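Undergrad: Take a look at the following structure, please.
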Amino acid sequence: MIRCLTYNIRHARGLDGRIAPERIAAVVAACAPDIVALQEVDCGRVRTGGLDQAAEIARILGMRHHFHPALEMAGELYGDAILTRLPSRLVKAGPLPGHPRRPHLEARGALWVEVEAGVQRLQVINTHLGLSGRERIVQAEALLGPDWLGHPACRAPLILLGDLNATPWSRAYRRLAARLTDAHHLAAETAGRATFPTRWPVLRLDHVFVGAGVGVGRLAVIRGGLTGIASDHLPLLAEIEIGAGTAAEQTAREPALALS
């Protein structure tokens, strides 16, 4: 079983206004993940004291990190990171297209890392999609295209996770769900659904999608302790199993869960 966590950390600024990457690291450590996908990560930004947050959180956790700056401004970086203590290599990091008619929206990107999980090589893609519905559709199509999920090297087993800013009834979500399977539909055990906002979560914006051959034992929105203050999102933990048959096969075995 591999424990995967996705967490929008809001540049480690908690609901108390304090910037505390060590608090984010404590939340992550309590989940004991093998792979961590972080969004809204600062590196060298004045607002967060010039710290390389991905490197610092990885250092505290004893993990290796990969970082992609979706946004660069006068040497200040902001983007997404994947942390893991498993052997890994960066496959691709790059931008995603924006809204075709609103070029000044915040830049978005994705990060693809191959992780060695025993004899298997798991493809992990972390992303943070835009706030506009049209923008998210364009970005979802790009992720499904030949540069990312459609690339010959992006073979099963694979997972896509992150803050998609998309609820399950959105077009972008449905587009991704047509190719991959929402971990919620496969999980033998679930705990919670909504991940935003932290204090009164009502929206399921953070997701884990899996490809063929990946099973899901447990999917949980992590609440309690420092999660209530560390960020404006709650972390989402998925326990996955590689070599569990295709997503369709597992769904067929779990018809009631597939409708949840």
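The values are calculated or read from the model by the stated rules, or taken from the named source; none is laboratory data. Since the model is a prediction, treat every value here as computed from it, not as a measurement. All Cβ positions, glycine included, derive from the backbone under ideal geometry; neighbour counts span all protein chains shown. All accessible areas refer to the heavy atoms of the entire protein, side chains included, with ligands and DNA or RNA removed. Shrake-Rupley method; radii C 1.70, N 1.55, O 1.52, S 1.80 Å.
Undergrad: Give me the 1.4 Å probe accessible area per residue for region 71-168, excluding ligands and nucleic acids, in Å².
TA: About 43 Å² of surface per residue is accessible.
Undergrad: I need the calculated FRET efficiency for the pair L15 and R64, taking r as the beta carbon distance and R₀ as 25 Å, to the nearest 0.05.
TA: With a Förster radius of 25 Å, E is 0.25.
Undergrad: Right, next: If you take the square roots of the eigenvalues of the alpha-carbon gyration tensor of the chain and sort them as a ≥ b ≥ c, do you get rounded (a/c under 1.5), prolate (a/b over b/c) or oblate?
TA: rounded
Undergrad: Per the helix-only calculation at 222 nm, which mean residue ellipticity applies to the chain, given -39500 (n - 2.57) for every DSSP H run of n ≥ 4 and division by its residues, nearest 500 deg cm²/dmol?
TA: -5500 deg cm²/dmol
Undergrad: Running a GNM on the chain with Cα contacts under 10 Å, which residue among R199, R102, R89 ends up with the highest mean-square fluctuation?
TA: Among R199, R102, R89, the largest GNM mean-square fluctuation belongs to R102.
Undergrad: Same structure again: Between R179 and A29, how many nm apart are label points set 7 Å from Cα along the C-beta direction?
TA: Here the modelled spin labels are 3.8 nm apart.
Undergrad: Okay, moving on. On the protein heavy atoms, probe 1.4 angstrom, tell me the percent of accessible surface of region 2-242 carried by carbon and sulfur.
TA: 53 percent
Undergrad: Further question: For L71 and R89 in the same chain, what is the full-extension length gain: residue separation times 0.36 nm, less their Cα-Cα distance, in nm?
TA: This chain segment gains 4.3 nm when fully extended.
Undergrad: Hey, quick one: spin label on A55, modelled 7 Å out along Cα-Cβ, who in region 64-83 has an amide N within reach, i.e. under 16 Å?
TA: Within reach of a label on A55, which here means backbone N under 16 Å from a point 7 Å along Cα→Cβ, region 64-83 contributes 64-69, 75-83.
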